[in-house]
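In what follows, a single structure is set out as structure tokens and then discussed.
The values are calculated or read from the model by the stated rules, or taken from the named source; none is laboratory data. Quick caveat: nothing in here was measured; it's all calculated off a predicted structure. Backbone-built Cβ (ideal geometry, glycine too); neighbour counts: all protein chains shown. Remember, those area values only see protein heavy atoms, side chains included, never the ligands or the DNA or RNA. Shrake-Rupley method; radii C 1.70, N 1.55, O 1.52, S 1.80 Å.
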Amino acid sequence: VAAVAVAVAGLLAGCGGSVTNSGKADTKKLVLIPGVANEPFYISMQCGAQDEAKKLGYTLDTQAPAQFDASLQTPIVTGVIANKPGAILIAPTHAQAMASPIKQAKDAGIKVIEVDTALQDTSIALSSIASDNVKGGQLAAQTLAKLVGDKGSVLVINTKAGTSTTDQRAQGFEDELKASHPGMTSLGVQYNNNEAAQAASIVTATLAAHPDLAGIFATNLSSAEGAATGLRNAGKLGQVKVVGFDASPKQVQDLSDGTVQALIAQNPGDIGKQGVDQAAAALEGKPVTRNIQTDMIAITHDNMSANDQYFYKSKC
Ligand code: T6T
């Protein structure tokens, strides 16, 4: 009997989607699907989204993949569709690979808002809220140029190819070097699979081949945290200048103790807040803004105490 009960429960769970699907969407329910769980950028985004949802009378659930990977984010989207929330706020982990599951959400009548990363196909989401990532890459190049005296070879550490934001940052960085910093040579882009340990290994290998490496642009949190570790391991702290994107507690510590020289901090709390505002507007039949840019700032050791509102949170 118990086995039958389990089997029936399993069947019901399997059919749960269709039962709810036949019902109407819960237009007061929002779901945030970040790129990865337990990471200060997305935690800060979630804090901003939660506060705003509460203020506007919505509930907000968060469901995040264990790794920044489309194959892990896809089943989360599929599961969320079955529960029919009014809207999803999603950070797609891949500009193309996430198009199909996210389009299924749209086709099921769920309002789709992109937070931070975006799909290449701009017809699926109603609104996208993000930093100006090309400009962020440009700002990183200008900041690194000052730190290395506008000369020498520099390395770009990126996360995963196909991540819209970090690809734009790398592009903005490379374009700015070509346009305005002829004395600097880029050794090109290397990918760390969004793992800090891989970024550290990239730094070790690059230093072995290029002992005169002048600087590193680390395009996100994992690359910057790992770059700092790699330089520490190699005994090259301070000798190789690092400009990193993001401002996790570890990154802020690295800035404070001089391991990295600058951080381009984003405003993930505001991305979450504005994502909820756009979702609410879409659900309430009000005008929706297709693209919203949130602010970003270059923080150095000298101005860090004045900018602590940009430091990311590890809990709300
Ligand atoms: O840099 C952020 C985010 O903007 C990017 O899209 C992915 O990486 C982070 O989440 C930091 O880990």
Taking +1 at the Cβ of each Lys and Arg and -1 at the Cβ of each Asp and Glu, which of A99, A87, A125 sits farthest along the dipole of region 72-223 towards its positive end, judged by Cα position relative to the Cα centre? A87
Mean shadow area of region 63-133 over all directions, Cα convex hull, nm²: 4.4 nm²
Using only Cα positions of region 62-195, each an equal point scatterer, no hydration layer, compute I(q)/I(0) via Debye at q = 0.10, 0.17, 0.19, 0.20 Å⁻¹ and quote the log10 values to two decimals. -0.40, -0.86, -0.99, -1.06
Calculate, axis by axis, the spread of Cα positions in region 145-231 along the three principal axes, and write the results as whole Å, longest axis first. 31, 29, 18
Answer in debye to the nearest 20: the dipole magnitude of the chain about its Cα centre, from +1 Lys/Arg and -1 Asp/Glu charges placed on Cβ, is 540 debye
Expressed in nm to one decimal, what extension gain is obtained for the pair K286 and D150 from 0.36 nm per residue of sequence separation less their Cα-Cα distance? 44.1 nm
What are the semi-axes of the equivalent ellipsoid of the chain, taken as the square roots of 5 times the eigenvalues of the Cα gyration tensor, listed largest first and rounded to whole Å? 39, 20, 17
In whole percent, and with a 1.4 Å probe on the protein chains, what portion of the accessible area of region 246-303 is carbon and sulfur? 49 percent
Could you compute the net charge surrounding T294? Neighbours are other residues with a C-beta less than 15 Å from the C-beta of T294; K and R count +1, D and E count -1. -4
Over region 114-251, with neighbouring protein chains present, the accessible area per residue in Å² at probe 1.4 Å is 36 Å²
Just flag the trypsin sites (Lys or Arg not before Pro) in region 122-188 sitting in loop per DSSP whose Cβ has no more than 15 other Cβ atoms within 10 Å. K151
If the label point is 7 Å along Cα→Cβ of T27, which residues in region 45-85 have backbone nitrogen under 16 Å from it? 57-59, 84-85
Extension gain, A66 back to D107 (0.36 nm per residue minus Cα-Cα distance, nm): 12.1 nm
Give me the distance in nm between label points sitting 7 Å out from Cα along the Cα-to-Cβ direction at D121 and N303, one decimal. 4.1 nm
